[in-house]
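Read through the structure below, which is laid out as structure tokens, and then see the notes.
The values are calculated or read from the model by the stated rules, or taken from the named source; none is laboratory data. Since we're looking at a predicted model, the values are computed, not measured. Neighbour counts run over all protein chains shown; Cβ positions are idealised from the backbone, glycine included.
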Amino acid sequence: MDAHIQVKNLNVYYGKQQALKNVNIEIPKNQITVIMGPSGCGKTTLLKSLNRFLELTDGTQITGEVLVDGQNIYAHEVDVTEVRKVVGLLAQRPSPLPMSIYDNVVYGMNIHRMKKDRKEYKAAVRHYLEIAGLWDEVYKRLHDPATSLSIGQQQRLCLARGLAVEPEIILGDEPTSALDPISSQNIESRLIELKKQYTTVIVTHTLRQAKRLADYVIYMYLGEVIEAGSAREVFNNPQHERTRAYLEGQI
Amino acid sequence: MNQMDSTNTPQSINKTTGRLSRPVVASRTRQNNFAQRTFFIFTLLPVLLILVVAIALFVRSWPILNAYPLYDLLFGKVWKPTNGQFGFLPFIAGTFWVTAVGILLAVPACLLVSIYLAEYAHARTRSIAKPILDLLAAIPPVVYGVWGLLAIVPFVDKVLAPLSDRWLDSVSIFSVNQPTGFGILAAGIVLAVMIAPLIIAVMYEIFSTVPNDLRHASLAVGATRLQTIRNIVLPQVAPGILAAIVLGASRALGETIAVLMVVGNIPQMPTSIFDSAYPLPALIANNYGEMMSIPLYDAALLSAALVLLVVILIFNILSMLVIQRMLRRKWV
């Protein structure tokens, strides 16, 4: 397996409570990895360890390593903003910034001064809105507030905003759970289209979505990784009793 | 089915058991209504109090309002009650000078403190710093006045005034005309320290109204905290910051004892922050009850109080309007 991300001996504590217990996994490049498991099992914690979002919560302690392209993102010399540029996050609830549609897409590029002039920004905005499948719906009103979009459109805008800083990895924290079925399907097809260019890691609590999206599956229970493997193996022939129980709907 | 429904209506319970007409319930309800009315009356009291105070002040200052045109009172520059000259402008100007200097000194520092507490500080730092700041607000004004007298006035006199005299003398609002240390700058410094806890507390609350989702959306594309504060948080809280400043200003406008101890109390039109001044609250506190034999003096002081009340009410209403507008704004 061509691993893009390697997690080594990762332990996470919120205060005294241990949220992740000695997690060791590898996440394959340019595939969709789905993290699943019952609520409270540490799915989101594992996901947010990958872009160093855990440290935004006071009292979080992290030990172990997360290697992206062989570089430990928790190493002292690593700049956290560079990590988050390479590892993008699509949040659970769409969170458009309080500015226009255009400015939302430009936001990250501007932060990193990635383009030279307005012309380049304009072209980039179009490019990423097209990738997110939103261009046709918004090209006439790019300067309307982003909050005027429907919630499904907002989530695709957030996808475009994330992609605009040219990440290698996309994290999705239940990115369709706030959306209606058609918008969810729309986001899912975007993610499938994008997986050739991006390593994608999705947390989901719906088994059906996991089956639709996953190339690689990580099953977690109470802060531990119970089973990890290709989607075909895990879904058809789970090695662990707990995984089987979950897949059969007992947990 | 229909029958069951009808047996559940109150009237039918009344008919079959008579429970609804039991006197015990009625007295309980009466008690409740009585309590509600009592609470309402006590809630009404503060509203009535403002009205009563305003009306009383107006009635008591009527003799002078009747004797002189309002324009002469508000914009007259000479205060010589023994000659029958009652110009309030030096006092109004003094009030605004002192408040403006206090606000200008307090706001930048308060902004930095509240940004640190709301955006950077760990929960533990916050839990130590916040109560200490609240404690500062509990120090009695007279203590601040003594501190101003013992520390700030000499500091202005020995350090700031000579510095300004050497470097900023050509700028008229920094020129040192009355080298005593007592004056607008000393009062402004004392006021700034006094209103800071209030301004910080309000600003902090306003920062915490910004949803974390917005901060995270910005951080997730690799923005630093500072970029997130500048690009996302500050534009959202700008009206609230303004409201906090106005709130601080209305507190500063009315501050009496600490100011009058260090401001010099000379009724003149100030032109420099090193000048002495005589704000309205100090005028009233220093003089009410003395020399009351001078004709119209009582009415003049009470109309000064009326002017102060009106100014502060306007400031408070302004800040309330700003806060309301801000709360009506949708975040997400």
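Within the range B:161-181, work out how many residues are outside any loop (DSSP other than H, G, I, E, B), under 10 Å from B:PHE274 (Cβ atoms) and of a type in the set (S, T, N, Q). Talk me through it step by step, then tell me what you get.
In the first step, residues of the range B:161-181 are kept if they are outside any loop (DSSP other than H, G, I, E, B); the result is B:161-167, B:172-174.
This time we only want the ones that are under 10 Å from B:PHE274 (Cβ atoms), so: B:161, B:164-165, B:173-174.
Narrowing further to those that are of a type in the set (S, T, N, Q): B:164.
Final tally of qualifying residues: 1.
For the range A:68-106, how many residues meet the condition of being in contact with a helix residue (DSSP H, G or I) (Cβ under 7 Å, 6 or more places away or on another chain) and among the β-branched types (Val, Ile, Thr)?
Qualifying residue count for the region: 5.
Being part of a loop (DSSP other than H, G, I, E, B), in contact with a helix residue (DSSP H, G or I) (Cβ under 6 Å, 6 or more places away or on another chain), closer than 30 Å to A:LEU67 by Cβ and in contact (Cβ under 8 Å) with a residue 12 or more places away in the chain, is that true of even one residue in the range A:116-131?
No, the range A:116-131 contains no residue that is part of a loop (DSSP other than H, G, I, E, B), in contact with a helix residue (DSSP H, G or I) (Cβ under 6 Å, 6 or more places away or on another chain), closer than 30 Å to A:LEU67 by Cβ and in contact (Cβ under 8 Å) with a residue 12 or more places away in the chain.
So is B:ILE323 within 30 Å of A:LEU97 (Cα to Cα), part of a helix (DSSP H, G or I) and at pLDDT below 90 or not? Outline the logic, then answer.
Values: within 30 Å of A:LEU97 (Cα to Cα): yes; part of a helix (DSSP H, G or I): yes; at pLDDT below 90: yes.
Considered against the rule, which asks whether it is within 30 Å of A:LEU97 (Cα to Cα), part of a helix (DSSP H, G or I) and at pLDDT below 90, B:ILE323 comes out as yes.
This table checks each residue for (1) among the hydroxyl-bearing types (Ser, Thr, Tyr); (2) in the same structural domain as B:GLN178 (by TED's automatic domain parsing); (3) on the phi < 0 side of the Ramachandran plot.
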| position | (1), (2), (3) |
| --- | --- |
| B:GLY248 | no, yes, yes |
| B:GLY264 | no, yes, no |
| B:ILE273 | no, yes, yes |
| B:SER276 | yes, yes, yes |
| B:LEU283 | no, yes, yes |
| B:TYR288 | yes, yes, yes |
| B:TYR297 | yes, yes, yes |
| B:ALA305 | no, yes, yes |
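Taking the range A:152-185 on its own, how many of its residues are of a type in the set (Gly, Ala, Ser), closer than 16 Å to A:LEU89 by Cα and surrounded by fewer than 21 Cβ atoms within 10 Å (Cβ to Cβ)?
Filtering the range A:152-185 for residues of a type in the set (Gly, Ala, Ser) gives A:152, A:160, A:162, A:164, A:172, A:177-178, A:183-184.
Right, trim to closer than 16 Å to A:LEU89 by Cα and you get A:160, A:162, A:164, A:172, A:177-178.
Going one step further and asking which of them are surrounded by fewer than 21 Cβ atoms within 10 Å (Cβ to Cβ), we end up with A:177-178.
The total comes to 2.
Within the bounds of the range A:20-43, is there any residue that is surrounded by fewer than 22 Cβ atoms within 10 Å (Cβ to Cβ) and over 19 Å from the mean Cα position of the chain (by Cα)?
Yes, the range A:20-43 has at least one match.
Do we have B:LEU260 as crowded, with 17+ Cβ neighbours inside 10 Å, within 19 Å of B:VAL78 (Cα to Cα) and modelled with pLDDT under 95 here?
On the way: crowded, with 17+ Cβ neighbours inside 10 Å: yes; within 19 Å of B:VAL78 (Cα to Cα): no; modelled with pLDDT under 95: yes.
When the stated conditions are applied, B:LEU260 does not pass them.
Being hydrophobic (A, V, I, L, M, F, W, C) and crowded, with 18+ Cβ neighbours inside 10 Å is the filter; apply it to the range A:87-105 and report the residue that is farthest from the other protein chains (Cβ to nearest Cβ). I'd like the intermediate steps shown before the answer.
The initial filter retains those residues of the range A:87-105 that are hydrophobic (A, V, I, L, M, F, W, C), namely A:87, A:89-91, A:97, A:99, A:101, A:105.
Those still in the list that are crowded, with 18+ Cβ neighbours inside 10 Å too: A:87, A:89-91, A:97, A:101, A:105.
On the way: A:VAL87: 9, A:LEU89: 4, A:LEU90: 9, A:ALA91: 7, A:LEU97: 6, A:ILE101: 14, A:VAL105: 10 Å.
Step by step, filter the range A:87-105, then rank; the result is A:ILE101.
Quick test for you: out of A:VAL106, A:VAL78, A:VAL87, pick the one residue that is of a type in the set (A, V, I, L, M, F, W, C) and under 23 Å from A:ASP215 (Cα atoms).
Numbers: A:VAL106 fails: under 23 Å from A:ASP215 (Cα atoms); A:VAL78 fails: under 23 Å from A:ASP215 (Cα atoms).
The unique qualifying residue is A:VAL87.
Checking A:ARG113 against (1) buried (at least 17 other Cβ atoms within 10 Å of the Cβ); (2) part of a loop (DSSP other than H, G, I, E, B); (3) within 14 Å of another protein chain (Cβ to nearest Cβ), only one condition comes out false. Which one?
(1)
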